[in-house]
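The values are calculated or read from the model by the stated rules, or taken from the named source; none is laboratory data. Note that the structure is predicted; figures quoted are calculated from it, not measured. Methodologically, a virtual Cβ is constructed for each residue, glycine included, from the backbone with ideal geometry; neighbour enumeration extends over all protein chains shown. We work out accessible area using only protein heavy atoms, side chains counted, and drop any ligands, DNA or RNA first. Shrake-Rupley method; radii C 1.70, N 1.55, O 1.52, S 1.80 Å.
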Amino acid sequence: MDKRFWGIILVICLIFVGIIVFNKDNTPKNSVNPTNHVTGTDKNGVKLVEYGDFQCSACGKYYPTVHQVVEAYKDKIQFQFRNLPLSQIHQNAFSAARAAEAADKQGKFWEMYDMLYQNQSAWSESDNPKSSYEQYAKQLGLDIDKFNSDYASKTVNDLINADLAAFDKTKAAKQTPTFFLNGKRVEPDADVASFKKILDEALGSKASDSTSSDSSNDQSDI
């Protein structure tokens with residue numbers, strides 16, 4: 001065989017190797033999972049999810065109601081909070097989410113969540129909200145060096161962006177707060193009675209489904 005033949009073979013091999021390398025480089029990297037801040041119980045199969053923005057005044061208005069509802073239903077439902085900072089209109093929203101996620105790295109997400117909402121007016125319009133976040137971290141007994149390191153980390157940013165991506169998949173209009181009950185968007189008013197109505201209906205529906213299933217199983221045994 002002449003050199004020309006082997007030259008063609010070599011070119012083909014190089015093209016083949018190039019294709020493999022290109023495809024490998026363009027293989028999607030493992031994506032970061034959304035956050036999983038949950039409280040309550042999943043024993044009844046009822047889950048309420050809030051996508052919230054710590055700087056959002058409407059979220060601040062809903063906060064005491066949500067807090068009261070979650071406390072009252074903690075033995076009946078599971079509650080989850082995910083980040084939805086609307087950075088275009090709330091300049092400190094993303095940084096507040098970073099503070100909450102940094103606190104989570106030391107097991108204090110819910111405590112920082114409470115701090116941020118309870119003191120929303122103190123930091124939300126500040127030119128330097130970080131000083132407030134550090135103050136809250138100290139009050140919670142966090143390691144400040146670790147808090148600051150986590151606050152500025154890519155890991156924390158990626159978690160918040162993963163929450164944003166998860167919300168985008170719902171195809172819902174981007175507004176806060178947005179609630180989902182067992183995967184279906186709901187729009188309760190900012191009062192306990194409104195939440196109680198939809199939660200009791202969901203619990204009743206699950207109980208009815210369970211009773212129907214048990215009845216079917218009993219009949220199948222006859």
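Assorted remarks:
- Taking the criterion of being part of a helix (DSSP H, G or I) and over 17 Å from Phe180 (Cβ atoms), the residues of segment 36-64 that qualify are Ser57, Gly60, Lys61, Tyr63, Pro64.
- Residue within segment 23-35 that is of a type in the set (S, T, N, Q), at pLDDT 95 or above and outside any strand (DSSP E or B) present: yes
- Verdict on Asp163 being of a type in the set (D, E, K, R), touching a strand residue (DSSP E or B) at 6+ places or on another chain (Cβ under 7 Å) and at pLDDT 95 or above: yes
- Residues of segment 122-142 that are open to solvent by 80 Å² or more (accessible area, probe 1.4 Å) and part of a loop (DSSP other than H, G, I, E, B): Glu125, Asp127, Asn128.
- Qualifying positions in segment 95-105 - charged (D, E, K, R) and either part of a helix (DSSP H, G or I) or on the phi > 0 side of the Ramachandran plot (or both): Arg98, Glu101, Asp104
- Asn44 vs. criteria farther than 19 Å from Asp191 by Cβ, touching a residue at least 60 places away in the same chain (Cβ under 8 Å) and more than 17 Å from the chain's Cα centre (by Cα): yes
- Residues in segment 96-114 that are out of contact with any Lys or Arg (no Cβ under 9 Å at 6 or more places or on another chain) and open to solvent by 30 Å² or more (accessible area, probe 1.4 Å) were compared, and the one that is farthest from His67 (Cα to Cα) is Arg98.
- Condition met for Ala172 (surrounded by fewer than 16 Cβ atoms within 10 Å (Cβ to Cβ) and within 23 Å of Val70 (Cβ to Cβ)): yes
- The residue list Lys206, Lys196 contains one member that is surrounded by 14 or more Cβ atoms within 10 Å (Cβ to Cβ), modelled with pLDDT under 95, basic (Lys, Arg) and closer than 30 Å to Lys43 by Cα, which is Lys206.
- Count of residues meeting criterion [farther than 18 Å from Leu84 by Cα, open to solvent by less than 70 Å² (accessible area, probe 1.4 Å) and acidic (Asp, Glu)] in segment 143-161: 1
- Scan of segment 71-94 for residues that are part of a loop (DSSP other than H, G, I, E, B), touching a Leu at 6+ places or on another chain (Cβ under 7 Å) and open to solvent by less than 70 Å² (accessible area, probe 1.4 Å), ordered by number: Tyr73, Ile77, Leu84
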